[in-house]
Amino acid sequence: MEKKNILIIVLLLAIAALVYYVFSLFYARDNSIISTINNPIKSVETKVETKGKSAINLASCNFGDYKEECKIVKYLEENLAWTNNKEGMDFCSYDYLGKKDNNIYLKALCQEFYVSSGELICPDDKTLDKCFTSKNREVDCSDCTTKTVTSHIVEGGGVSIPVRLTEQGDSYVLWTPRDGSLYDKDIKAEFPTEIAGLLSRSVKNLEAINVERAEGYFGVKAVFNVKKTFENSCTSTLDCQAVPGEYAMLSNCPHTVKCVDSKCSVGCYDFIDHEELPSLEK
């Protein structure tokens, strides 16, 4: 009986030692996480390394029609945006929410665009699924064919987020809220109440500005599937009204407005790169 008790005690001690060892490893590895839980940080406010690409030349830039400052847009494109495609270029626009002391508060939208001129077509569902999930497209998509189509701009990625720019010399320090459940907490802590209340409004069609600039830069158009054309004349998408309510409620595609052939139209962009995302032969 004594031997059995001794074995139990030894076993319990071994388990306790193992638990302590595992905890020690976890603590050493994730001490920063535990520290953050015990000492919550409102925000991370450091200068961001340049990760995006901007086509803006400050010497010749004029965004008066967009009611934006070229210097701010260029900063956002180089520090908030990023590129996934080597041929991609970043385009940002913003709603100005206000300024307090040396802090500028914005609602920004950044999108990466590049040009595609191909469409990958697969003959049947089985081939399509094989190509779509492939890690070796040269082999698994060999039964699909690439068809040349009219060059158009496609989207490589993007981000829509409130930002605070703190003026520092001739540049800025960028702050953005954290994701998920921490978002509201960060906004409440870092945005003045009267400015945070403006986040739900939409002053400008930010996507329209980005697309218009991208089309001008690349010299090609985005694919826009028109659902309805209005009588309103336009020279720019910014001349067009907001998306009509009956279209804004539709979920089959993100409806927006665009100036098409000098007429305001409502419809949906097709920003998908069909050369990368295969489609079924019709």
Can you pull out every residue in region 155-177 that is in a loop (DSSP other than H, G, I, E, B) and surrounded by 14 or more Cβ atoms within 10 Å (Cβ to Cβ)? Thr176, Pro177
Checking Gly156 against (1) at pLDDT 95 or above; (2) under 23 Å from the mean Cα position of the chain (by Cα): exactly one of these is not met. Which one? (1)
Has region 244-254 got any residue that is in contact (Cβ under 8 Å) with a residue 24 or more places away in the chain and of a type in the set (Phe, Trp, Tyr)? no
Count - residues of region 190-240 that are assigned to a helix (DSSP H, G or I) and surrounded by 13 or more Cβ atoms within 10 Å (Cβ to Cβ): 18
Per the filter on region 249-275, residues assigned to a strand (DSSP E or B) and polar (S, T, N, Q) are Thr256, Ser265
Answer yes or no as to whether Lys282 is at pLDDT below 90, charged (D, E, K, R), surrounded by 17 or more Cβ atoms within 10 Å (Cβ to Cβ) and not in a strand (DSSP E or B). no
Identity of the residue in region 95-118, in a strand (DSSP E or B) and out of contact with any Phe, Trp or Tyr (no Cβ under 9 Å at 6 or more places or on another chain), that ends up nearest to Tyr75 (Cα to Cα): Asp95
Of these, Thr127, Thr146, which one is outside any loop (DSSP other than H, G, I, E, B), touching a Pro at 6+ places or on another chain (Cβ under 9 Å) and under 30 Å from Ser279 (Cβ atoms)? Thr127
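The values are calculated or read from the model by the stated rules, or taken from the named source; none is laboratory data. Only a predicted model underlies this, so the values are computations on that prediction, with no experimental measurement involved. Glycine gets a Cβ as well: all are built from the backbone with ideal geometry, and neighbour counts include every protein chain shown.
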